[in-house]
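Working notes, beginning with the structure itself.
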Amino acid sequence: MKNKKMPIGIDDFEEMITQDFYYVDKTGMIKELLENWGKVNLFTRPRRFGKSLNMSMLQRFFEIGADRNLFEGLVISNEEKLCKEYMGQYPVVSISLKTAQSDRFEQARNQLCSIIGEEALRFRFLLDSDRLNIDDKRLYGQLIQFDNSGQGSFVMSETVLTRSLKNLSMLLQKHYGKKVIILIDEYDVPLAKANEHCYYGQMINTIRTMFDSALKGNENLYFAVLTGCLRVSKESIFTGLNNPKLYTLLDAECDEYFGFTDEEVREMLATYGLSKYYEVTKEWYDGYQIAHTNVYNPWDVINWCNHLLTNPDKTPKSYWANSSGNEELRRFIRRLGDGVTKGQLERLISGQTVQKKIEEQLTYDSMYDSIENMWSLLFATGYLTQSGTPSGNMVRLTIPNTEVRMIFSDFILNLFENEVAKDGALVVEFCRSLKDGDSENVERLFTKFMEKTISIRDTAVRKSFKESFYHGMLLGILSFKSDWSVDSNRESGTGYYDIAIEIEAESIGIIIEVKYAENENFDAACREAMNQIDHNDYEAELREDEMQTILKYGIACCRKKCRVVMKKVVMQ
């Protein structure tokens, strides 16, 4: 039987089911949401953790006219009484604010108008409803008024915009005689963009007033669900709401419905004949702890499986990092030495934990003001996760998996490269020593470079990652030699070397193999490096390119120490 298609970028539940995409069943969330009743429910999860798909699933289940076939065979279909009472029984207003992002408030506000206007257009039948009077229909007309002057957008006054959700729910309640469900996906995106482009005060006023009118004291509201990355502080946006039901990363309720559980990943891999990749999938994409449940990043797992189906020899990579600009982590790493200590980063990179006070209620305009807020931000956005059980608001934080550890490493190495650039004389001396075969000076100078950045401890982190970090340091130093040809991880002989250098003007070739010296056993690590160079004939490419002198370096590193050995070969 042909396997279902991989759901790359599919966040519409109906499309997922009807177009035969692989669906990880999260419909049990419907029952738990109803049993843990809240008038206003807020889910905070990192990006790409299935928030939009779950919101679409809720809409398709509750909305009047629901297609019951969409849920056939899914977990929720076993709840016959619940389905009879709730499925297809409510008007639903569903919007996503993720497209309301601009560098100017006026344009972002217009985007909000378009989001509301397009949703309102789904209910054009209200114009013909015999349950609405002339004033009601005029009110509806204000929600779908379109600018025909060439601007190509919906036009709403501030009053119409900020009361739009409340008014739309009121009109639907009058037409159907039933209270309305409001779904707001990515509710905090406009605030994040507003803060980034310095119009936060204007946007917070608009969003606050809109939410207050729709979610506080709205007699037409049955219940509401909001999703976002951050729990924005009640004082800044939810001023009028009493006790919204919160589902944060520390809350156990509904903890398994965002992200893939281990069982779900095993089943997915088995379905596509990829079970042999389970361990590497777990190492790279698992590790997030939401309350008491461990989950994988679903975006990563789906993309990784899709690539394996077309290229079984593919090595894992970071898919999640490429889905945003990673500004949160960039700012955090820049604070190294200014609130963030090398020791803290060393513990995290090495797979250990740091204990920090987590403030779950943040405001976008102050989240970078203190390093304490930045720890909380990294936790909320998925760069860090909890380890073990929190003690009050004190949480042990750790990097969840290899993918995120590599993201940290890349930013740290970038910072290291910037530091290296400030000391051009040291770079020149290092490269001269490397070219001259002066292994003692290469060792001394590389140790100096190592002192400029973090070290990696002997912990559970794989040896290959530790070696990649020091490998990256060397590439950062060598990047300043524009007249040298530097290659990395290319095939030569019967394997893949770490670094190969060709200095064409002098016909000198250099091969470097980097090893991590477990327990500071530098001699053994250097021997392993040199044996690997010889056994795999890494210098074959250099010989083919007619390098007359070949220098083979084995470099062993551990924390901020290194050992360098060299073997020189002169071609006859």
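On a C-alpha basis, how far is the centre of segment 282-315 from the centre of segment 486-550 in Å? Whole number, if you could? First find each Cα centre; the distance between them is then 33 Å.
Across the protein chains, with a 1.4 Å probe defining accessible surface, the residues THR315, THR459 rank THR315, THR459 from largest area downward.
Neighbours of ASP300, meaning other residues whose beta-carbon lies under 10 angstrom from its beta-carbon, give a summed charge of 0 when Lys and Arg score +1 and Asp and Glu score -1. In this view, the solvent-accessible surface of PHE411, computed with a 1.4 Å probe and all protein chains in place, comes to about 40 Å².
Which one, SER323, MET170, VAL340, projects farthest toward the positive side of the charge dipole computed for the chain from Cβ point charges (K/R +1, D/E -1)? So the residue furthest toward the plus end is MET170. In this structure the amide hydrogen of VAL40, modeled in the peptide plane, comes within under 5 Å of the amide hydrogens of ALA224, LYS245, none closer than 5 places in sequence on its chain. Summing charges over all other residues whose Cβ lies under 10 Å from the Cβ of GLN352, with Lys and Arg as +1 and Asp and Glu as -1, gives +2. Taking a straight line from the alpha carbon of LYS166, these aspartates and glutamates sit under 12 Å away, with near neighbours fewer than eight places off in the same chain left out: ASP212, GLU219. For GLU35 paired with ASN373, estimate the spin-label separation in nm (one decimal), with each label point 7 Å from Cα along the Cα-to-Cβ line. Going from the GLU35 label point to the ASN373 one covers 3.9 nm.
Heavy-atom accessible area with a 1.4 Å probe sorts VAL514, VAL569, largest first, into VAL569, VAL514. Bridges between two residues of segment 414-572, per DSSP, are antiparallel at a rate of about 70%. Helix-only estimate, please: 222 nm mean residue ellipticity of the chain, summing -39500 (n - 2.57) across DSSP H runs of length 4 or more and dividing by its residues, to the nearest 500. Result for the chain: -12500 deg cm²/dmol, rounded to the nearest 500. Once the 1.4 Å probe is applied to the protein heavy atoms, segment 5-154 comes out at 47 Å² accessible per residue. Accessible surface computed residue by residue for segment 247-293, with neighbouring protein chains in place and a 1.4 Å probe, gives 41 Å² per residue.
List the pairs from LYS31/LYS245; LYS179/LYS245; LYS193/LYS422; LYS193/LYS245 whose alpha-carbon separation is above 27 Å, in the order I gave them. Violating the 27 Å limit, Cα to Cα: LYS193/LYS422. At full extension, TYR272 and LYS567 could sit 101.4 nm farther apart than now, given 0.36 nm per residue minus the alpha carbon distance. The residues of segment 377-511 present an accessible area of 40 Å² per residue when probed at 1.4 Å with all protein chains retained. Only Lys, Arg, Asp and Glu carry charge here, each on its Cβ (+1 for the first two, -1 for the last two); on that basis segment 437-572 has a dipole of about 900 debye about its Cα centre. Per atom type, segment 365-447 shows carbon and sulfur on 44% of its accessible surface, probed at 1.4 Å.
Each of LEU246, LEU97 has its accessible area taken with a 1.4 Å probe; listed largest first, they run LEU246, LEU97. Backbone amide hydrogens, once placed in the peptide plane, bring ARG457 within less than 5 Å of SER350, excluding anything fewer than 5 places away on its chain. Here's the list of lysines a cross-link from LYS282 could span, going by alpha-carbon distance under 19 Å and ignoring same-chain residues fewer than 8 apart: LYS314, LYS317, LYS463, LYS466. Using a probe radius of 1.4 angstrom, the carbon and sulfur fraction of the accessible surface of segment 1-111 is 44%. Inter-label distance, ARG444 to LYS317: 4.1 nm, where each label sits 7 Å from its Cα along the C-beta direction. For the chain, a crude dipole built from +1 on the beta carbon of Lys and Arg and -1 on the beta carbon of Asp and Glu, taken about the Cα centre, is about 1480 debye to the nearest 20.
The values are calculated or read from the model by the stated rules, or taken from the named source; none is laboratory data. Keep in mind that this is a model prediction, so the values were computed, not measured. Please note: Cβ atoms are built from the backbone with ideal geometry, for glycine as well, and neighbour counts cover all protein chains shown. Areas reflect the complete protein model, heavy atoms only, side chains present, ligands, DNA and RNA absent. Shrake-Rupley method; radii C 1.70, N 1.55, O 1.52, S 1.80 Å.
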